[in-house]
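Structure first, commentary second.
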Amino acid sequence: MKTALITGITGQDGSYLAELLLEKGYKVYGLVRRSSTVTFERIQHIQDRVELLSGDLTDQNSLYYALEQSNPDEVYNLAAQSFVQTSWTQPVLTGDVTALGVTRMLEAIRIFNRKIRFYQASSSEMFGKVQEVPQVESTPFYPRSPYGVAKVYGHWATVNYRESYGIFAVSGILFNHESPRRGLEFVTRKVTDGAARIKHGLADKLHLGNLDSRRDWGFAGDYVKAMWLMLQQDEPRDYVVATGETQSVQDLVSAAFEHAGLDWREHVVLDERFVRPAEVDLLIGDPALARQELGWSPEVDFGQLVRMMVDADLERVAAGPRRG
């Protein structure tokens, strides 16, 4: 039986990955941060099948201790300060967790057991002001936010430990991936939750920023399969994980409101507060290498994804007042 340690197990990707690994017969450990609010909602249904360890990417000793306790074959580093907007108001924290946290974990692996296979959650936000369209593994990075900058650091730290110490360390450059478990602060979930609340009469308006931004949106449940596949290869390599298609925020809004039986033009308000200091206008990935070498391709398309999320939010909002 293989053993895996997942940082960020209580997040969207961590919960889907934990499900996948349990299906494959893994013993799954999750690293959780001690905080004033306990947020285990996404893993409630599998919590009795995973073992949670206390630790923090800002605390080197806790990472080494977590490795000692779990003795994993694989480590998936999905924990981060992952909201781009917050990275502008908390740039130092974002750097400490999202950038230096990667080095702390890699260093713990180097000292504890270099045979551990390591996955780093890199991001399409590293491409930022894109240097070519579509973006591939060799596209130069040009991050446009403290979050993007921190992710570039983590990405190159992973390459560095792979090349310097022979650790099987890889980065998945994942483009935007969503699900009903996405946090309410992210635009996709903000839109589907907003449509559901308006449909049920709990709100009338939805305030959004730039509707012209274009993203490559996929389903998180598909993307965690690529993470797992990357650690099963003979040689460590970084991969772009994307759909290869792009939609605008307006396309997202239109599809979500239409599925809820609403006209978005009657409810959406453009709000300057939600426009980033430096905007990323277009992200679209080319997943050809992942398709060719990993045998991976997305199964859920954009329309299916939006309908899945709207349906889940309609059901949740109808069930009661609790948000989450």
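The values are calculated or read from the model by the stated rules, or taken from the named source; none is laboratory data. These numbers come from a predicted model, not from an experiment. FYI the Cβ positions are ideal-geometry reconstructions off the backbone, even for glycines, and counts take in every protein chain you see. Remember, those area values only see protein heavy atoms, side chains included, never the ligands or the DNA or RNA. Shrake-Rupley method; radii C 1.70, N 1.55, O 1.52, S 1.80 Å.
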Can you give the Rg to Rh ratio of region 66-157, both from alpha-carbon atoms, with Rh computed by the Kirkwood formula?
-> 1.03
As computed over the chain, the Cα convex hull volume per residue (Å³) = 127 Å³
Lys/Arg +1, Asp/Glu -1 at C-beta; region 234-321 dipole; positive extreme among Val306, Gly244, Trp264 | Trp264
Extending each Cα 7 Å along its Cβ direction at Ser297 and Leu202, get the distance between those two points in nm, one decimal.
-> 3.9 nm
For Phe118, distant residues with modelled amide H under 5 Å away | Val75, Phe168, Ala169, Val170
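Measure off, as a whole percent, the carbon and sulfur share of the 1.4 Å-probe accessible area of the chain, all protein chains present.
Taking all protein chains in place, the chain shows 47 percent carbon and sulfur surface.
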Going out from 0 in 10 Å bins, what whole percent of all Cα-Cα distances in region 2-145 drops into each bin?
-> 11, 39, 34, 15, 1
Residue by residue, what Karplus-based ³J(HN,Hα) values in Hz, rounded to whole numbers, does region 302-312 have, using 6.51, -1.76 and 1.60 with θ = phi - 60° and x for Gly and Pro?
-> 4, x, 4, 4, 4, 5, 4, 6, 5, 4, 5
Spherically averaged projected area of region 122-221 from its Cα convex hull (nm²) = 8.1 nm²
Using a 10 angstrom cutoff on alpha carbons, build the Gaussian network for the chain and name the most mobile of Glu23, Glu245, Glu299.
-> Glu23
Residue-normalised accessible area of region 1-109, given per residue in Å² at a 1.4 Å probe = 45 Å²
The answer for region 199-324, accessible area per residue at 1.4 Å probe in Å², is 49 Å²
Cα gyration tensor of region 203-323 diagonalised, 5x eigenvalues square-rooted, in angstrom largest first, produces semi-axes 32, 19, 13
Rounded to the nearest 20 debye, dipole of the chain from Cβ charges on Lys, Arg, Asp, Glu | 740 debye
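On alpha carbon coordinates alone, what is the Rg over Rh value for region 64-115, Rh being the Kirkwood radius?
Across region 64-115, the Cα-based Rg/Rh ratio is 1.08.
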Multiply the residue separation of Arg273 and Thr39 by 0.36 nm, subtract the distance between their alpha-carbon atoms, and state the gained length in nm to one decimal.
-> 81.5 nm
What residues have an amide H closer than 5 Å to that of Leu31, excluding those fewer than 5 places away on the same chain, when H is modeled at 1.01 Å from N in the peptide plane?
-> Ile6, Thr7, Gly8, Ile9, Leu53
Quick calc, region 75-175, dipole around Cα centre from Cβ unit charges on Lys, Arg (+) and Asp, Glu (-), nearest 20 debye, gives 260 debye
Hey, if you put +1 on the Cβ of every Lys and Arg and -1 on every Asp and Glu Cβ in the chain, which of Thr139, Met126, Thr158 ends up farthest toward the positive end of that dipole?
-> Thr158
